[in-house]
Amino acid sequence: MDFDAIVVGSGITGGWAAKELTEAGLKVLLIERGREIRHQQDYTTETKTPWDMPFRGEGDHELYAREYPVQMLNRHFNEYTQSHFVNDAESPYSTAPGTDFTWFRSYGLGGRSLTWGRQAYRWSDYDFRANARDGHGTDWPIRYADLASWYDHVEDFIGVSGAAEGLAQLPDGRFQPAMALNAVEQHVRQVMKDNWPERCLTIGRTANLTQEKDGRAKCQNRSICARGCSFGAYFSTQSSTLPAAQKTGRLTVVTDAVVEAIDYDPDNHRVTGVRYIDRKGGTRKAATARLVFLNAGAFNSVHVLLNSASEAMPNGLANSSGVLGTHIMDHANTLSAMALMPGFEGHTSFGNRPTGVIVARYRNMETMDGAGHSRGYSFQGGALQSTWTAGKREAGIGAAYKDKLQKPGMWRMVLVGFADCVPRASNRLTLDRRRSDANGLPLLNIDFAFGKEELAALAQAKADAAEMLTRAGGRVLMGFDRPGAGGTAIHEMGGARMGNDPATSVLNKWSQAHDAANLFVTDGAQMSSSACQNPSLTYMALTARACATAVSQLREGKL
Amino acid sequence: MTKRQPGGWDRRDFLAGAALLALALGVPFAAVKLSDLPADLVPTARQRQLMKEVSQLVIPRTATAGAGEVGTGDFVILALAHGLEEARAALLQDAPQSLRAHRRADGSLDQMRWLEAELDHRAGGDFLDQDAAARSAALGALDAEAYAHGADGHPWRTVKALVLTGYYTSEIGGSKELRFELVPGRYDPDLPVTAQTRAYSSDWTAVDFG
């Protein structure tokens, strides 16, 4: 064997797998499909001002329409960050008729850990029991107690700032000091508390440091994280897990290497390694290992498994159940309400806080009070003051107009609803073998639609958001109850779900393939339900837990 | 003093690094390159003069320079050609003849040519030959019409949006007229607004969503 373990993908979970496995003494190969992006040195736009940029930070939209038509819809995509996103024209995917799915991707070392929103929430037993409770999907084989110590482990390493609130539905973590609410948010929090004691608005729990940690500086309140942060102040592969793994001396990193398949030995029921395309050399290569961790990102991990079909596993690797690729999810999200918040004209703030707020789920907990749905929704958003861009919507020219735009504008409060997405067999990934990408690999085909549960949840979220902001003195300007396209929450997950029964799930409770014990899938693909809060922290905790299991089983000779 | 390990930066390191980078590269100035545009989109000298003047009328000189003075006119022309503010979206089928007469080859409105014709028409001759008050009145009337109820898709809105972008993302507009802080270093959640308070062009959330 060339390596003890191969980790496919260097994003949030791949970086974690590399760290945990190397620190446990394993010799690890980390394979990344995209280019090398070095911490600090390669964050080429980080120090740029708008007037340094050819298109002032807005970017060349003619180019974007041609080559980045999907990625340009990402709120973090702009002229500074475009090199951290995939070129859609070079890496296309297909969608089924009627499917509207925006698949946001970062192909480069660090993957989406460079561009993620950094919101880091624990899931609760409302989430891990959700499928068992309402019968959608398959029951999770784990509960919160199985993950609690792993959440501790992850938070201790990555650094999460947040406020402890004692909420069962959004368990507290091991937080660094919280970032502060601004005056409007503080007011809205209090109004909610006074009127609806079960509704809690709290500062976003974010993987941005508020205290120095392990050679990483604290957040400088720039809020331009997706350019890359030389302070190392937010969690990314580059700032955190990669240096930890490299420090062991047991990590090999290969970039520009697209894994096309995982090899499987039917005699031993074990995977033996991976085959990959060296993009620079244009050649096909292979590497062998005792373990494979698949961390290519939920949908690409499913792609690799489907594309690893063999005589022994004709429907795809680890797919004896036939559910591989099914039950994919993404949070249904929309702007539930935006309101002007009069009365705060004498207040302003300084600095760019790199997080908003969250209103934790409060529906369908002890009482089933969802209108037409059985799960939860939460809100994220915050209060902000308008600035010169508000002038685009206003009549006026001349000195008075210019003077007006010199002042901070009105406060407005935004609540974006995130609804739990029910797992459905009809939402699935397949390979489109009629079409191939530049590497000659079949395109991933996405078949996805939200259902009546998500629509009902967002309708109730809209009504609630308007009611809360109005009660807080706001004047609601707009609100929506139709979700954005699938993928817009950038929480696409599922496709290789975890479950107790090998006949109905791909992975067991250790994120380990039922069909091949030395294959672990620990990114979003493993998720059996979606919850209504951000999933990355849970992916990380599951990855660390799976690594411990893998190492233990390896040492016991079980793998 | 806090112990720092190699690899950790603080704010002082960062600003020093940025200054060194600027020295090494020369002062980074992203010149607007109109010469790179396709032949049919390269502006005439008059069009450049007109857009400079229009920019200056929207954002005139006060205590700081106006938009025309800081190169906004050329930025607007470049931005229109490259589709910022959806400037290259196809013109609607039922658009009036006054717009359809100025279509680009791809079916989008050539806002530059439209504006040139529109302002000359309003001036009853060469807009640029009018005195300052007349130019301002003509543009003010156009602006009022463009923001009237029901005028949502008016092409002047696209041009004006880009004038604002060009100005407030210029060094003068972004850091002298407004304030700019590359590395705030802290977050103050609640400060009083005073007569001296000015907005920050580096408040990215406000820029994106305000």
Relative to the longest principal axis of the C-alpha atoms of chain A, give the angle of the C-alpha long axis of helix A:452-471, reported between 0 and 90° and rounded to the nearest 10°. 30 degrees
For helix A:536-555, report the angle its Cα long axis makes with the longest principal axis of the Cα atoms of chain A; keep it between 0 and 90° and round to the nearest 10°. 20 degrees
Would you tally the net charge around A:F101, using a Cβ to Cβ cut-off of less than 13 Å, leaving A:F101 out, and scoring K and R as +1, D and E as -1? -3
Along each principal axis of its Cα atoms, how long is segment A:219-329 end to end? Whole angstroms, biggest number first, please. 54, 35, 28
If each part is reduced to its alpha-carbon centroid, segment A:219-242 and segment A:110-124 end up apart, in Å, by 12 Å
Of B:A67, B:A144, B:Q130, farthest towards positive along the dipole that unit charges on Lys, Arg, Asp, Glu beta carbons give segment B:43-180: B:A67
Which is farthest toward the positive dipole end of the protein assembly as shown among A:G343, A:L21, A:A207, measuring Cα position about the Cα centre, with Cβ charges +1 (Lys, Arg) and -1 (Asp, Glu)? A:L21
Cβ-placed point charges (K, R +1; D, E -1), dipole of segment A:210-274 about Cα centre in debye, nearest 20: 660 debye
Please get the size of the charge dipole for chain A, origin at its Cα centre, with Cβ charges of +1 on Lys and Arg and -1 on Asp and Glu, quoted in debye to the nearest 20. 880 debye
FRET efficiency estimate (nearest 0.05) - Cβ-Cβ, B:D208 to A:Q553, R0 60 angstrom: 0.80
A:D265 to A:M365: extension gain in nm, 0.36 nm per residue of separation minus the Cα-Cα distance? 31.4 nm
Among A:L431, B:L80, A:F128, which residue has its Cα positioned farthest towards the positive end of the charge dipole of the protein assembly as shown, with +1 placed on the Cβ of Lys and Arg, -1 on the Cβ of Asp and Glu, and the dipole taken about the Cα centre? A:F128
Suppose R0 equals 45 Å. What FRET efficiency, 1/(1 + (r/R0)^6) with r the Cβ-Cβ distance, do B:A101 and A:R475 give to the nearest 0.05? 0.60
On Cα atoms only, tilt of A:298-307 relative to the major axis of chain A in degrees: 30 degrees
Could you work out the local net charge near A:I446, counting Lys and Arg as +1, Asp and Glu as -1, over the other residues with Cβ closer than 14 Å to its Cβ? -2
Going 7 Å from the Cα of A:K280 along its beta-carbon direction, which residues of segment A:38-52 have the amide nitrogen within less than 19 Å of the resulting point? A:38-44
Cα-projected label distance for A:T44 with B:T194, points at 7 Å along beta-carbon direction, nm: 4.3 nm
I want to check the label-to-label distance for A:A145 and A:T252. Put each point 7 Å from Cα in the C-beta direction and report it in nm to one decimal. 4.3 nm
Sparse-neighbour loop sites [trypsin sites (Lys or Arg not before Pro); segment A:251-349; at most 11 other C-beta within 10 Å; DSSP]: A:K280
Can you give the relative contact order of segment B:43-180 as a percent, counting alpha carbon pairs under 8 Å and 6+ residues apart? 27 percent
Whole angstrom only: what separates the Cα centroid of segment A:437-497 from the Cα centroid of segment A:23-53? 30 Å
Net +/- balance of residues flanking B:R198 in space, Cβ distance below 13 Å, scoring K and R +1, D and E -1: +1
In debye, nearest 20, what is the charge dipole magnitude of segment B:43-180 about its Cα centre with +1 on Lys and Arg Cβ and -1 on Asp and Glu Cβ, if you could check? 200 debye
Computed E for A:K193/A:D100 - FRET, C-beta separation, R0 30 angstrom, nearest 0.05: 0.20
Which shape class applies to the protein assembly as shown: rounded if a/c is under 1.5, otherwise prolate when a/b exceeds b/c and oblate if not, where a ≥ b ≥ c are the square roots of the Cα gyration tensor eigenvalues? prolate
Relative contact order in percent for segment A:155-198 (Cα pairs under 8 Å, 6+ apart) equals 32 percent
For the pairs A:K247/A:K509; A:K247/A:K285; A:K48/B:K176; A:K407/B:K176; A:K27/A:K558; A:K48/A:K392, note any where the Cα-Cα span goes beyond 20 Å. A:K247/A:K509; A:K247/A:K285; A:K48/A:K392
Would you calculate, for chain A, the mean residue ellipticity at 222 nm contributed by helices, counting each DSSP H stretch of 4 or more residues as -39,500 (n - 2.57) and dividing by all residues, to the nearest 500? -6500 deg cm²/dmol
So if each residue of separation counts as 0.36 nm, and I subtract the Cα-Cα distance between A:D501 and A:R482, what length gain in nm does that give? 3.3 nm
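Where a number appears in this text, it was derived from the coordinates with a stated rule and is not lab data. Only a predicted model underlies this, so the values are computations on that prediction, with no experimental measurement involved. No Cβ is skipped: glycine too gets one built from the backbone with ideal geometry, and neighbour counts run over all protein chains shown.
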